[in-house]
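Remarks on the structure that follows.
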Amino acid sequence: MLEADHLVLASGARTFEPLQLQGLTPVRGQILCIPRKLMRAGSKVASFGGYFIPDVGGVHVAGTTYDKNNTDTSFRESQISPILDELAKALPE
């Protein structure tokens with residue numbers, strides 16, 4: 001048996017809902033998949049309050065938005081700019 005003060009379950013929306021686990025807080029996040037041809041980037045993963053994963057199958061993956069207690073899975077155009085703004089600050093050319 002393992003013991004820990006905190007446990008992070010990174011999975012799809014409502015994955016653990018049928019288990020009715022006490023104390024879980026759902027957190028909605030949004031990512032952007034940016035085609036490699038649209039963005040030059042290094043080859044290293046970056047973590048900066050958000051994250052950047054370079055060139056996975058021809059696309060870079062970036063995300064910085066988190067909404068606690070939210071299980072909405074719809075795409076939000078309003079979160080594109082915040083993700084790109086944080087990415088530009090973290091990975092200047």
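The values are calculated or read from the model by the stated rules, or taken from the named source; none is laboratory data. Everything quoted here is computed from the prediction, not taken from an experiment. Methodologically, a virtual Cβ is constructed for each residue, glycine included, from the backbone with ideal geometry; neighbour enumeration extends over all protein chains shown. For accessibility, only protein heavy atoms count, side chains too; no ligands or nucleic acids. Shrake-Rupley method; radii C 1.70, N 1.55, O 1.52, S 1.80 Å.
So here's what we get for this one:
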| item | result |
| --- | --- |
| Set of aspartates and glutamates with alpha-carbon distance to LYS37 below 16 Å, sequence-local pairs under 8 removed | ASP55, GLU93 |
| Sulfur and carbon atoms: percent of accessible area, the chain [1.4 Å] | 54 percent |
| Mean residue ellipticity (222 nm) of the chain, computed from DSSP H runs ≥ 4 via -39,500 (n - 2.57), nearest 500 | -3500 deg cm²/dmol |
| Angle between the chain longest axis and helix 80-90 axis [Cα atoms, degrees, rounded to 10] | 70 degrees |
| Structure-derived semi-axes √(5λ) of the Cα gyration tensor in Å: which label, when the choices are [x] 29, 16, 12; [y] 21, 14, 10; [z] 26, 14, 11 | [x] |
| Most mobile of THR15, THR64, THR73 in a GNM of the chain (Cα contacts under 10 Å) | THR15 |
| Virtual spin-label span in nm between LEU84 and ASN70, 7 Å along Cα→Cβ | 1.9 nm |
| Residues THR25 and MET1, FRET efficiency given R0 of 30 Å [Cβ-Cβ distance, rounded to 0.05] | 0.80 |
| Within region 32-93, trypsin sites (Lys or Arg not before Pro) in DSSP loop having at most 10 other beta-carbon neighbours inside 10 Å | ARG40, LYS44 |
| Hz values of 3J(HN,Hα) by residue in region 60-74 - Karplus curve (6.51, -1.76, 1.60), Gly and Pro given as x | 8, 10, 9, x, 8, 9, 9, 10, 5, 6, 9, 10, 5, 9, 6 |
